[in-house]
Amino acid sequence: MHREIHQWYSPSLNKHMEIAMYGHYGTALLLLPTAAADYLEYERFHLIDAIQPHIDAGKFKVFSINSINSEAWLNNHMEPRHKAIRHQQFNSYVENEVAPFIRTHTSGDTPIILSGASLGALHSANLYFRRPDLFQGVIAMSGVYDLTAYTKGYYDEDVYFNSPCHYLPNIQEGHLLNLMRSSGHIHLLSGSGAYEDPEASRNLSSILHSKGIPHELDIWGPDMRHDWPTWRAMLPFYLESRF
């Protein structure tokens, strides 16, 4: 499997950020880390190994980036307003730096599918629903899609606009909603085992239904806990069966 590591100084985040790239060809799959993890997390926990057949076959070219969660909502020593600002800077990094980087390493019309587990599921879903003009789908695994679950009671406009369960019910008819309705690749997955919260996925699914946004809700069994074996089963199954 071809593997490259790239990095650059991010003007959005004012720091160096790394990105791992796997494969030569295929639909672009952008992975968002869990919790406070880094760009090699999915490699360390063998999820890249689990999807390697799809990478080697040229079906997917995978990109994995750093999180800045430890500099935002998971930082207990930071003012909430500054956390919200940092979150918006991360969005800018992904939208204005990572997405163009992916375009330069794929053909110009290659779809970009977002994916992540746990907090990475929230980020991947939020990035997709914010910019369905930039990204073409999402595979969100074991997520909670209400950002206030992480804000310790803080709420402002930036929290609202990064919390899909808050802003999606109010989205107006228009271009972005039409793009979501035509995506064909909105997949919400959850286990039912220990530390999973399938109701969070059901809640987001209900909101999407109310807005007429086609999607797939897939709740796996009680043997599927909030852990890597679940995600190593989910993601390769969806890459194989839905793309």
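The values are calculated or read from the model by the stated rules, or taken from the named source; none is laboratory data. All values derive from a computational prediction rather than experimental measurement. Quick reminder, even Gly has a Cβ in these numbers, built from the backbone with ideal geometry, and neighbours come from all protein chains shown.
Within region 80-113, which residues are closer than 13 Å to residue 25 by Cα and either among the charged types (D, E, K, R) or free of Cβ contacts under 8 Å to residues at least 12 places away in the same chain (or both)?
Across region 80-113, the qualifying residues are 103, 104, 107, 108, 109.
Pairs needed: first member in region 1-26, closer than 27 Å to residue 55 by Cα; second member anywhere, assigned to a loop (DSSP other than H, G, I, E, B) and of a type in the set (Asp, Glu); C-beta distance under 9 Å; at least 6 residues apart or different chains.
Listed by first residue and then by second, the contacts come to 18/38.
Could you please let me know if residue 216 is surrounded by fewer than 17 Cβ atoms within 10 Å (Cβ to Cβ), under 26 Å from residue 53 (Cα atoms) and either in contact with a Pro (Cβ under 7 Å, 6 or more places away or on another chain) or at pLDDT 95 or above (or both)?
The answer is yes for residue 216.
Among the residues of region 38-46, is any farther than 25 Å from residue 109 by Cα, crowded, with 22+ Cβ neighbours inside 10 Å and in contact (Cβ under 8 Å) with a residue 24 or more places away in the chain?
No - not one qualifying residue is present in region 38-46.
So which pairs qualify, if the first residue must be in region 176-190 and on the phi < 0 side of the Ramachandran plot and surrounded by fewer than 20 Cβ atoms within 10 Å (Cβ to Cβ), the second must be part of a loop (DSSP other than H, G, I, E, B) and small (Gly, Ala, Ser), the Cβ gap must be under 7 Å, and the two must be at least 6 apart or on different chains?
As it stands, the answer is 181/212, since those pairs meet every condition given.
Do we find a residue being in contact (Cβ under 8 Å) with a residue 40 or more places away in the chain, at negative phi and assigned to a loop (DSSP other than H, G, I, E, B) anywhere in region 48-59?
yes
Tell me which helices (runs of 4 or more DSSP H) are completely within region 148-238 and hold 2 or more residues being of a type in the set (S, T, N, Q), or say none if there are none.
Ranges flagged: 175-182, 198-210.
Would you confirm, using the coordinates I've provided, whether residue 124 is touching a strand residue (DSSP E or B) at 6+ places or on another chain (Cβ under 6 Å), polar (S, T, N, Q), touching a residue at least 40 places away in the same chain (Cβ under 8 Å) and surrounded by 20 or more Cβ atoms within 10 Å (Cβ to Cβ)?
So residue 124 passes the test.
Scan region 33-47 for residues that are assigned to a helix (DSSP H, G or I) and touching a Lys or Arg at 6+ places or on another chain (Cβ under 9 Å) and report the count.
The qualifying residues number 2.
Residues of region 35-58 being in contact with a helix residue (DSSP H, G or I) (Cβ under 9 Å, 6 or more places away or on another chain) and among the hydroxyl-bearing types (Ser, Thr, Tyr), which ones?
42
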